[in-house]
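Report on one structure; see the data block that follows.
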Amino acid sequence: MIATLDDLATLANYSLMDTLNCDPDAKANGRDHAPRQVFTGHYVPVTPTPIENPEYVAHSKSFFRELGFADSLAQSADFTQMFSGDTSFVPAPMRKAGWACGYALSIFGTEFQQQCPFQTGNGYGDGRAISVLEAVINGQRREMQLKGGGRTPYCRGADGRAVLRSSVREFLAQEHMYALGVPTSRSLSLYVSKTEQVRRPWYSQGSYAREPDRLIWEPVAITTRVAPSFIRVGQLELFARRARKDEHPQAMDELEKIVLHLIDREYSEEIDQTLATAEKVVLLARKFLSRLTSLVANWVRVGYCQGNFNSDNCAAGGFTLDYGPFGFCDVFDPLYQPWTGGGHHFAFLNQPVAAERNFRSFCSALRPLLTAHQGSLRQLDEIQNEFPKVMQAKMDTMWAAKLGLDAFNTELFNELATLMQQMPVDYTMFFRELSNVPIDIGPLKNSFYKSSSYDADPEEMDKRWSQWLTKWKSLTQFSSCEELSRQMKLVNPKYSLREWFVVPAYHQAAAGDYSLIRELQEVMTQPYAEQSKDVEEKYYRLKPSEFFELGGLSHYSCSS
C-alpha cells in the first residue's frame, strides 16, 4: 500500500528524461514559461505553476485501488501540494522540474504550420500539460501529467490554465470510458483553487448561440491524467518533418530515438526488443493499426465522439487522449459533432475516416527510418493500405455484437439506421432497451424522441419497427432470450455521461459543492449495471426538449 508521497517517490523512474534528448536551449531549473521556438530535443524541463489555495474535489477510487494507493493519500497535504502544481519540495528521487513536449499538427491528414505563432511549426506542443512523474507501479510504467499546470514554451501566449468546467468533464469522462471498456488515459485526482480565477469566453445562460457570447470568470483547476506515455502521432510527425528536411544534424537520430522510445513504453510486450529497427518499425505500424481501429470501433459502440481528432490528439499508444471537445450523443445522428469548430470530418460516424488520416500521418512519420530498407517500405505501404478493410471489419464486428448477432447483416443494419434517423432515437437507451429482447416495440418507444414524421403517420412507423424487430429476432443465434440479453448488455451500456448531467455538476462545484461530481463518478463508473431505482429515474432518461440546441450543453467551443 502506497500511503505517503515518500512511498510513491521510491517508485520514480524517469525514462523519458533519462533516455531522450533535452532541448539544449532549456533552462536547467525548469523556469521556462514564456512562448518560444524549440528547435531540437524531445522535451523541455518545466516547473509547473501551482494553483492558489488548492482544495480537494475528487480522486479516482477505482484507479487508486488499482495502483495500490491509500484513499487517504488524495487529501494528504504533500500529495495535494504536488498534484495541484507545486513540485518545489518533492522528496528524492522525485524531480522538481517536470517536462513538456513538442509536436506537429495535422488536421484530417493535412500538415499545418501557420497556426504556430512563429509560422515554423516549432511552437506547437504541451501548452498547459506538464508531466511531473514517471513511476513503475506494480510492474507497469505510469506517466502522470498535470492538465492546467501553467505556462510552458509551447503555450503560444496563453495562461496555461484549465478551468474547473473542463477539468470536471475530463476527470469524469476518463473514468467513465475506462469503465465502458474503452482504452483511455486515466484520472488520478482533481483539485480546484479557492481563490484563483481566469477569464474565458463562454455562453450566456439560455443562449442558443453557436459560439460563446460573453467573457466569464471561472475558477482554475488541475486534473492529473495518467497513461503509459503521452506520445502522440503528432509528436512522431514533428521529428519526421525535421528528418525529411534535415533541419539539424541530430534530426534523423531524434526521430529514431522517439520511435524506439514509443515501442519501449507502449509495445514492449508485443515487439521483440532484439529486432533491428526496420523490423520494429514495421511491427509497430501493424500493432498501431490494430489498436487504432479497435479504439474507434469502441468509440462508436458507446456513442462517443472525439470532436477534434487531429494527429496531435491521437495517442500513439492507441488509447483515447485529450478530452476537450468530446461528447456522448443523445439522439442518434451520423453527423453528431459537439464541437462547433469540428466540422463533419470529425463527426460521429466519420471517425473511422478521420482515424485513417491519422494512421497515414503515423506511417508517413515512420518512412524516413526505412529509406534504406525497400522491403520494409513496401510492407509499411501494404499495412497502410489495409486500414479501410481492417476498420470496416472491426466496425462490422462491433455492430454485430451490439445487435446480438453472430455476423454483421448489412440489410438489417441499414434498415435500422434508416429507422433510427426517421424516428429519432436515443442511441444509448435504444440499444439497452433492445438488449432486453422485448416481445414487441412498446419498450423500444422509451428511447424515441418526438418526430414530425412519426406524428404524421404513427401506425406506419409502428408497422415498420415491428417488421424490423421480427426480422432481427429471426437472425439472432442464442439458445434463449435470457442468454441473448445477457450478451448484449455486456456491450450496450445503460448509462452514458451526457453533457446535461455534467453541466449542473460543474456549476455546483464552482460554488464549492462537489457532491454531484462524486455522485456522477459513482454512477458512471458502473455503466453496464442495473443500479437503484433512484439512479435509473435520474440518469436513464431522454434528453429534455428544453436542452436541445443550447450553447454550452448541446454544443460548445473548444474554450477550456
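Any idea how many residues of the range 281-300 are more than 11 Å from residue 359 (Cβ to Cβ), buried (at least 22 other Cβ atoms within 10 Å of the Cβ) and in contact with a Lys or Arg (Cβ under 7 Å, 6 or more places away or on another chain)?
1
For the range 70-161, please list each of the strands (runs of 3 or more DSSP E) lying entirely inside it that holds at least 2 residues being in the same structural domain as residue 196 (by TED's automatic domain parsing) and either modelled with pLDDT of 95 or more or over 25 Å from the mean Cα position of the chain (by Cα) (or both). Show your work before the answer.
Values: elements: 98-100, 105-107, 110-112, 129-137, 140-147.
The strands (runs of 3 or more DSSP E) meeting that bar are 98-100, 129-137, 140-147.
Checking the conditions here, which among 196, 175, 143 is closer than 23 Å to residue 103 by Cβ and either charged (D, E, K, R) or crowded, with 24+ Cβ neighbours inside 10 Å (or both)?
On the way: 196 fails: closer than 23 Å to residue 103 by Cβ; 175 fails: closer than 23 Å to residue 103 by Cβ.
Going through 196, 175, 143 in turn, just one is closer than 23 Å to residue 103 by Cβ and either charged (D, E, K, R) or crowded, with 24+ Cβ neighbours inside 10 Å (or both): 143.
In the list 84, 106, 72, 76, which residue meets the criterion of being under 20 Å from residue 174 (Cβ atoms) and either of a type in the set (Ser, Thr, Tyr) or without any contact (Cβ under 8 Å) to a residue 24 or more places away in the chain (or both)? Break it down into steps so the answer makes sense when it comes.
Values: 106 fails: under 20 Å from residue 174 (Cβ atoms); 72 fails: under 20 Å from residue 174 (Cβ atoms); 76 fails: under 20 Å from residue 174 (Cβ atoms).
None of the other options fit; the residue is 84.
Kindly indicate which of 389, 394 is outside the structural domain of residue 168 (by TED's automatic domain parsing) and either under 13 Å from the mean Cα position of the chain (by Cα) or surrounded by fewer than 17 Cβ atoms within 10 Å (Cβ to Cβ) (or both). First the steps, then the outcome.
Details: 394 fails: either under 13 Å from the mean Cα position of the chain (by Cα) or surrounded by fewer than 17 Cβ atoms within 10 Å (Cβ to Cβ) (or both).
The unique qualifying residue is 389.
With the requirement that a residue be out of contact with any helix residue (DSSP H, G or I) (no Cβ under 8 Å at 6 or more places or on another chain) and farther than 30 Å from residue 427 by Cβ, what does the range 273-313 give you?
274, 276, 283, 287
Among the residues of the range 545-560, which ones are exposed (fewer than 15 other Cβ atoms within 10 Å of the Cβ) and part of a loop (DSSP other than H, G, I, E, B)?
548, 549, 558
Working carefully through the options 253, 213, find the one that is without any contact (Cβ under 8 Å) to a residue 12 or more places away in the chain and surrounded by fewer than 24 Cβ atoms within 10 Å (Cβ to Cβ).
Working: 213 fails: without any contact (Cβ under 8 Å) to a residue 12 or more places away in the chain.
Only one candidate qualifies: 253.
Every residue in the range 404-426 that is crowded, with 18+ Cβ neighbours inside 10 Å and of a type in the set (Ser, Thr, Tyr), please.
Matches in the range 404-426: none.
Limited to the range 473-490, what total is found for residues that are part of a helix (DSSP H, G or I) and under 33 Å from the mean Cα position of the chain (by Cα)?
So the first thing to find is which residues in the range 473-490 are part of a helix (DSSP H, G or I), and the list is 473-475, 481-489.
Those still in the list that are under 33 Å from the mean Cα position of the chain (by Cα) too: 483-489.
Selection size over the range 473-490: 7.
For the range 27-48, enumerate the residues that are of a type outside the set (D, E, K, R) and free of Cβ contacts under 8 Å to residues at least 40 places away in the same chain.
Of all residues in the range 27-48, those of a type outside the set (D, E, K, R) come to 28-30, 33-35, 37-48.
Passing the criteria: only 28.
Under the condition of being of a type in the set (Ser, Thr, Tyr) and assigned to a helix (DSSP H, G or I), which residue from the range 495-544 is surrounded by the fewest Cβ atoms within 10 Å (Cβ to Cβ)?
Step one: list which residues in the range 495-544 are of a type in the set (Ser, Thr, Tyr), which gives 495-496, 506, 514-515, 525, 528, 532, 539-540.
Still in the list and also assigned to a helix (DSSP H, G or I): 506, 515, 539.
Details: 506: 22, 515: 10, 539: 19.
In this case the residue turns out to be 515.
Which residues, counting only those in the range 387-410, are touching a helix residue (DSSP H, G or I) at 6+ places or on another chain (Cβ under 7 Å) and assigned to a helix (DSSP H, G or I)?
387, 388, 390, 391, 394, 395, 398, 399, 402 - these are the residues of the range 387-410 that are touching a helix residue (DSSP H, G or I) at 6+ places or on another chain (Cβ under 7 Å) and assigned to a helix (DSSP H, G or I).
Considering only residues that are within 25 Å of residue 299 (Cβ to Cβ), of a type outside the set (Lys, Arg) and in contact with a helix residue (DSSP H, G or I) (Cβ under 6 Å, 6 or more places away or on another chain), which ones fall in the range 477-492?
Pass one, the range 477-492, residues within 25 Å of residue 299 (Cβ to Cβ): 484-492.
When the remaining residues are screened for being of a type outside the set (Lys, Arg), the result is 484-485, 487-488, 490-492.
Within the range 477-492, 485, 488, 491, 492 qualify.
Any chance the range 321-332 includes a residue that's outside any helix (DSSP H, G or I), closer than 30 Å to residue 143 by Cα and among the acidic types (Asp, Glu)? It would help to see each step written out before you state the result.
Kept after step one, since they are outside any helix (DSSP H, G or I), are these residues of the range 321-332: 321-332.
From the residues that got through so far, the ones that are closer than 30 Å to residue 143 by Cα too are 321-328.
Among the residues that remain, those that are also among the acidic types (Asp, Glu) are: 322.
Yes; the residues of the range 321-332 include at least one that is outside any helix (DSSP H, G or I), closer than 30 Å to residue 143 by Cα and among the acidic types (Asp, Glu).
In a helix (DSSP H, G or I), of a type in the set (Val, Ile, Thr), more than 19 Å from residue 258 (Cα to Cα) and in contact (Cβ under 8 Å) with a residue 24 or more places away in the chain: which single residue out of 296, 353 fits that description?
From the options 296, 353, the qualifying one is 296.
Is it fair to say residue 476 is under 30 Å from residue 293 (Cβ atoms), at pLDDT below 95 and either surrounded by fewer than 19 Cβ atoms within 10 Å (Cβ to Cβ) or in the same structural domain as residue 291 (by TED's automatic domain parsing) (or both)? Talk me through it step by step, then tell me what you get.
Numbers: under 30 Å from residue 293 (Cβ atoms): yes; at pLDDT below 95: yes; either surrounded by fewer than 19 Cβ atoms within 10 Å (Cβ to Cβ) or in the same structural domain as residue 291 (by TED's automatic domain parsing) (or both): yes.
Taking the combined requirement at face value, the residue satisfies it.
Considering the range 541-560 alone, what residues qualify as being more than 26 Å from residue 148 (Cα to Cα), out of contact with any helix residue (DSSP H, G or I) (no Cβ under 7 Å at 6 or more places or on another chain) and not aliphatic (A, V, I, L, M)?
541, 544, 545, 546, 548, 549
The values are calculated or read from the model by the stated rules, or taken from the named source; none is laboratory data. These numbers come from a predicted model, not from an experiment. A quick note on method: Cβ atoms are made from the backbone with ideal geometry, for glycine too, and the neighbour counts reach across all protein chains shown.
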